[in-house]
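Inspection log for the structure reproduced underneath, given as structure tokens.
Bear in mind these aren't lab numbers, they're just calculated from the coordinates by the rules spelled out. Just so we're clear, the structure is a prediction, and the values are computed from it rather than from any experiment. In this analysis, Cβ positions are derived from the backbone assuming ideal geometry, glycine residues included, and neighbour counts consider all displayed protein chains.
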């Protein structure tokens, strides 16, 4: 078990440090132009699963449909804001399974061949712009700690 954990940690460290730099990825939830663009992309690419109001699919925490996890909410009730800008970007761009380097049954596509980096940033900026201010402040603090380490 320890060998598996150590191996996973090494692969995870290599993965997150071998692609886009954590200091290159930032969301712009206060930029109205980026947020408006992100909303259009979200409505087109994400809302069918994550909900027009970011509410996710009912039963997302424990229910499987056809062996696949349901889409979580991206509002303050979900866990999206528990992840840094960098991790949200990487999960969106490369997909959950590649990011985790393990099987994780889900319907979330990797967007690296569907959206540009700027479009991914715009969508994530839109999502963050919808969180209450106290959640955005916590998320900013998380990002600051992550980039300092």
Binned Cα-Cα distances of the chain, short to long, each 5 Å bin given as a whole percent: 2, 9, 17, 22, 21, 16, 9, 3, 1, 0
Expected 222 nm ellipticity per residue - DSSP helices of 4 or more, -39500 (n - 2.57), all of the chain, to 500: -16000 deg cm²/dmol
Kirkwood Rh in Å, taken over all unlike Cα pairs in the range 70-137: 12.6 Å
Pairwise Cα inverse-distance average, inverted: Kirkwood Rh of the range 53-92 (Å): 10.9 Å
Gain on full stretching of the segment that runs from residue 24 to residue 135 - 0.36 nm per residue minus C-alpha separation: 37.7 nm
Packing-based exposure ordering (other Cβ within 10 Å, fewest first) of 28, 146: 146, 28
Relative contact order (%) - criterion: Cα under 8 Å, at least six apart; region: the chain: 30 percent
Relative exposure of 147, 32, 39, judged by other C-beta atoms within 10 Å (fewest first): 32, 147, 39
Selected from 126, 94, 86 as most flexible by GNM, with the chain as the system and alpha-carbon contacts under 10 Å: 94
